[in-house]
Structure formats: structure tokens, C-alpha cells
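**Q** Quick one: the structure is below, questions incoming.
The values are calculated or read from the model by the stated rules, or taken from the named source; none is laboratory data. Note that this is a predicted model, so its numbers are computed, not measured. Counting neighbours? That spans all protein chains shown, and the Cβs are built from the backbone with ideal geometry, glycine included. Calculation scope for accessible area: heavy atoms of the full protein, side chains included, ligands and nucleic acids excluded. Shrake-Rupley method; radii C 1.70, N 1.55, O 1.52, S 1.80 Å.
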Amino acid sequence: MAEEQLPLMAHLEELRKRLTISAVAWFVAFLGCYSFAEQLFGYIATPVKTALPEGSSLVFINATEPFFTYMKLGALAGFLVALPIIFWQVWAFIAPGLYSNEKRLAIPFVLASCLCFGVGTYFGFFFVFPRIFTFLIGFGLKGSLAPMLSMGGYLSFATKLLFAFGVVFELPIIIFFLARIGIVDYKWLAAKRKYALVIGFVIGAVLTPPDVFSQTALALPFVILYEIGIWVARFFGKKKTEDEFDNELEDEEGEAD
């Protein structure tokens, strides 16, 4: 059975503890990653450098841009390194309200969350980025324009896209927990499939450049992962009690009448 509910102050104290551990882990990882920030930036800038015409390179438009760009990259890389610890703290915070059989999912939750986020960023970086920048830079060169992309602007753009792909690939994990606590079930998700398709393309239009490939590259995984989420909800969702099943059956018979 789930543990007794704690008083509000105890919850707040527990939340403070988990946030502190997460922040310390992030800061330590940031210190380690910042020392390699220049090499990391050279790696993450590979797709755009490949798409630039020969003799061109990224530039900085003010004196402080390289420093703050490397700081931001160190923080982002540190966050990714500390992500398993952060996910573990999230689980540790919500675990007291779960049943004992649900607490056994702690390690699978952390591993699956990190894996899904990593697969999303990998897919975005290696399969989508080269095509996005080849298209966008090629489009600009048609107008006889010289590309002068700033390193800070590129990092902001790349970060937004990578984060979007990482979050979208977390969709099955989100659906799993919503189904486990009974907020959604596979029948409801299947009935809302057409809305998921629209939402996927809206997300793609908002978070990616205005070209069909980029939007589809984000929307299509969203739709596929939503379908996977339906099967996840079917096999791992909260089982209905006999009374809930009878009520649902009565509602369906009423709608049929």
C-alpha cells in the first residue's frame, strides 16, 4: 500500500532536499564539462560547418559572445551528464506516494527516461540537423548572400531543437505514468489519435524552421511514439475495478440507446 500522506511542510522539505541534490549534481557536472566547452562546441557545430560554403566559418559578433556561449554549452552538457541523478531525484520525490510494486519501477524509469531523451537528441543531431542546415544555408546562398552565422545564435537554435526532440521522445514514458495512475487509458488515447496527429504537426511547426522536412522530422516521431504509447497504456495501464468496468459498460449501453 502507499505510504501515509506527509504534512505539507514535510513535502516541502523533501522537495527542497531533492532540488538541492539535483542542483549540486548539475553544478559539479557543469564544472567538468566547461573545461571541455571549446571541444564540445567544435563537435556540436559539425552539422552547420559542413553545410557552410568552403572558406566560411561561424563568427562572434561581440567580445563576450564566445565566453557566454561556452558557459551556456557547459551548463547544457552538465545538465545532460547529471540527468540520471535528476531523474532519480524526481522518482525519489514521487515514490512515497506509490504502491510497493510501483516502486520497483525506479531503475527502469531512470534508465528509460535517459534512454528516450538520448535517442531523441541523437536522432535530431545526426539525422535532422545536417538536412536542416543544408537546406537553410543553401536557400540563403541562392540569393547571392554571404553566410555569417554567430556561434551564440547557432547554439541557441541547436539547443531548442535538440531539447524538442529529447522531450518528444519522452512521450511513451509520460503516457506510461498517466496510464498507471488512471488519468488516461488506451481506449481514450486511441480515440484521440487524430488530435495527436494535429498536435504533432503544430509542435513541429512551432519548434522547427519553416520547411516541410524539419516539421515532418519532429511530427512523425511524435505520432509514432503516440502509437507506441497506446500499446504501453494497454499493457501497463491501471486495471479497472469491477465497479468501474460495470459503470463504463452502462455508459456505453446508454450511448448506444
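**Q** Pairs only if they're at least six apart or on different chains, beta carbon under 7 angstrom, first in the stretch 178-202 and among the hydroxyl-bearing types (S, T, Y), second surrounded by 14 or more Cβ atoms within 10 Å (Cβ to Cβ); list them, first residue then second.
**A** Taking only residues 6 or more apart or on different chains, the pairs are Y186/I230; Y186/A233; Y186/R234; Y186/G237.
**Q** Collect the residues in the stretch 41-100 that are without any contact (Cβ under 8 Å) to a residue 60 or more places away in the chain and in a loop (DSSP other than H, G, I, E, B), keeping them in residue-number order.
**A** Result: E54, G55, S57, N62, A63, T64.
**Q** In the stretch 225-237, what residues are open to solvent by less than 90 Å² (accessible area, probe 1.4 Å) and hydrophobic (A, V, I, L, M, F, W, C)?
**A** Matches in the stretch 225-237: L225, I228, I230, V232, A233.
**Q** Follow-up question, since we're still on this one. Looking only at the stretch 4-37, which residues are touching a residue at least 24 places away in the same chain (Cβ under 8 Å) and of a type in the set (K, R)?
**A** Correct list: R18 only.
**Q** Ok, one more. For A25, are the conditions met, namely being touching a Phe, Trp or Tyr at 6+ places or on another chain (Cβ under 7 Å) and either loosely packed, with under 13 Cβ neighbours inside 10 Å or over 16 Å from G97 (Cβ atoms) (or both)?
**A** Taking the combined requirement at face value, the residue does not satisfy it.
**Q** Quick one: would you say V128 is among the hydrophobic types (A, V, I, L, M, F, W, C) and surrounded by fewer than 19 Cβ atoms within 10 Å (Cβ to Cβ)?
**A** Here the answer is no, as V128 does not meet what is asked.
**Q** Could you look through the stretch 1-41, keep only residues that are more than 30 Å from L149 (Cα to Cα), more than 21 Å from the chain's Cα centre (by Cα) and of a type in the set (G, A, S), and pick out the one that is modelled with the lowest pLDDT?
**A** Restricting to residues being more than 30 Å from L149 (Cα to Cα), more than 21 Å from the chain's Cα centre (by Cα) and of a type in the set (G, A, S), the top hit is A2.
**Q** Next question, about the same structure. Please pick out the residue among V110, V119 that is open to solvent by 30 Å² or more (accessible area, probe 1.4 Å), closer than 21 Å to L171 by Cβ and of a type in the set (V, I, T).
**A** V119
**Q** Could I ask something else about it? Sort out which residues of the stretch 128-147 are of a type in the set (A, V, I, L, M) and either closer than 14 Å to A45 by Cα or not in a loop (DSSP other than H, G, I, E, B) (or both), and write them in order of number.
**A** V128, I132, L136, I137, L141
**Q** Ok, one more. Quick test of your reading of the structure: L207 fulfils all but one of (1) aliphatic (A, V, I, L, M); (2) at pLDDT below 85; (3) closer than 17 Å to F123 by Cβ; (4) in contact with a Gly (Cβ under 9 Å, 6 or more places away or on another chain). Name the failing condition by number.
**A** Checking L207 against (1) aliphatic (A, V, I, L, M); (2) at pLDDT below 85; (3) closer than 17 Å to F123 by Cβ; (4) in contact with a Gly (Cβ under 9 Å, 6 or more places away or on another chain), the one that fails is (4).
**Q** Between F165, F139, which is out of contact with any His (no Cβ under 6 Å at 6 or more places or on another chain), among the aromatic types (F, W, Y) and either under 18 Å from A233 (Cα atoms) or open to solvent by less than 50 Å² (accessible area, probe 1.4 Å) (or both)?
**A** Just a single option satisfies the conditions, and that option is F165.
**Q** Next up: Looking at (1) over 22 Å from F127 (Cα atoms); (2) in contact with a Leu (Cβ under 9 Å, 6 or more places away or on another chain); (3) open to solvent by less than 40 Å² (accessible area, probe 1.4 Å); (4) at pLDDT 90 or above, which is the only condition I44 fails?
**A** (1)
**Q** Select from the stretch 206-222 the residues that are surrounded by fewer than 17 Cβ atoms within 10 Å (Cβ to Cβ) and either among the basic types (K, R) or touching a residue at least 12 places away in the same chain (Cβ under 8 Å) (or both) and list them in ascending order.
**A** If the condition is that a residue be surrounded by fewer than 17 Cβ atoms within 10 Å (Cβ to Cβ) and either among the basic types (K, R) or touching a residue at least 12 places away in the same chain (Cβ under 8 Å) (or both), then P209, D211, F213, T216, L220 are the ones that fit.
**Q** Picking from L149, L220, which residue would you name as being modelled with pLDDT of 85 or more and in contact with a strand residue (DSSP E or B) (Cβ under 8 Å, 6 or more places away or on another chain)?
**A** After ruling out the rest, the residue left standing is L149.
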